[in-house]
1. Within the P(r) computed for region 31-76, what percentage of the Cα pairs occupies the region above 14 Å?
2. Cβ neighbours within 10 Å, averaged per peptide: list 39-48, 67-76, 54-63, 25-34 in order, most packed at the top.
Amino acid sequence: MENENEEQKQNYHGKKDVRRHSGSGVVGVTYFMAFVGAAVFYIQPTTTFGAGLVGFLKALVWPGFLIYDLLKFLSK
């Protein structure tokens, strides 16, 4: 029984399948909090559903805006 369990833990290369996810929770929580803040920032001034939808989409991609503006600033 124990040998069968060991064989199941091996991946297709014959190595043991060891997954480590240490510290990924902090990054996820930080990104989620930033997403909520960006969503409030972009959706709060809207008056129509379409503008709110655009605000939600902007909240999803705000890191791209940040990096773009940072690189534009640094290239000056």
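Laboratory data are not the source of any read-out in this text; all were calculated from the coordinates shown. Here the structure is a predicted model, which means the values were calculated and not measured. Neighbour counts are summed over all protein chains in view; Cβ atoms, including those assigned to glycine, are modelled from backbone coordinates with ideal geometry.
1. Working: 548 of 1035 pairs.
Value for region 31-76 (Cα pairs over 14 Å): 53 percent.
2. Details: 39-48: 12.3, 67-76: 8.3, 54-63: 14.3, 25-34: 10.2.
Descending packing order for the listed peptides: 54-63, 39-48, 25-34, 67-76.
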